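Each value in this text was obtained by applying a stated rule to the coordinates, not by laboratory testing. Predicted model, so just to flag it, every value in this text is computed and none were measured. Glycine gets a Cβ as well: all are built from the backbone with ideal geometry, and neighbour counts include every protein chain shown.
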Amino acid sequence: MKINNETSVKTDIKTIGGVVIAVAISVYSYFTVIERISNLELQDKLQSADLLKKAEQEPKNLEMVMLIEHLAGQIESIEKEIEASRYNKVNIDHLKEQMLAMQKVIDKLRNGNHQ
């Protein structure tokens, strides 16, 4: 059998319809897969960009952590000074009481010696 321009092919509408539907489904599937791949690539690029931004912010975060640690050390030293001041106030109040008591004794001795 030779195939040329005049060769006739007989087929029914059902077969042609099946072929058209198969081609349509194949084309739709292809474009759906391509769209999904494009979306995944876009998500990957966006996520990579996010990670780069976070990496760029890391030195700033480290600087803030160092500053917080420095301030925490200063707060500890201030707390120690405040606590020492509390004890100093107690000591000063005690010394005032002793001084007043001594002053009363001195006044009594002066008044007793003059009379």
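Descriptive notes on the structure:
- More than 16 angstrom apart: percent of Cα pairs within the chain: 84
- Relative to the longest principal axis of the Cα atoms of the chain, helix 13-114 runs at roughly 0 degrees.
- Full extension of the segment from Lys80 to His94, taken as 0.36 nm per residue of separation minus the current Cα-Cα distance, would add 2.9 nm.
- Dipole of the chain [Lys/Arg +1, Asp/Glu -1 at C-beta], most positive-end residue of Ala84, Ile68, Gln47: Ala84
- FRET efficiency for the pair Asp12 and Thr32, taken as 1/(1 + (r/R0)^6) with r the Cβ-Cβ distance and R0 = 25 Å, rounds to 0.25.
- Under the simplified labelling scheme, the Glu41-Lys53 pair shows an inter-label distance of 2.3 nm, with each label point 7 Å from Cα along Cα→Cβ.
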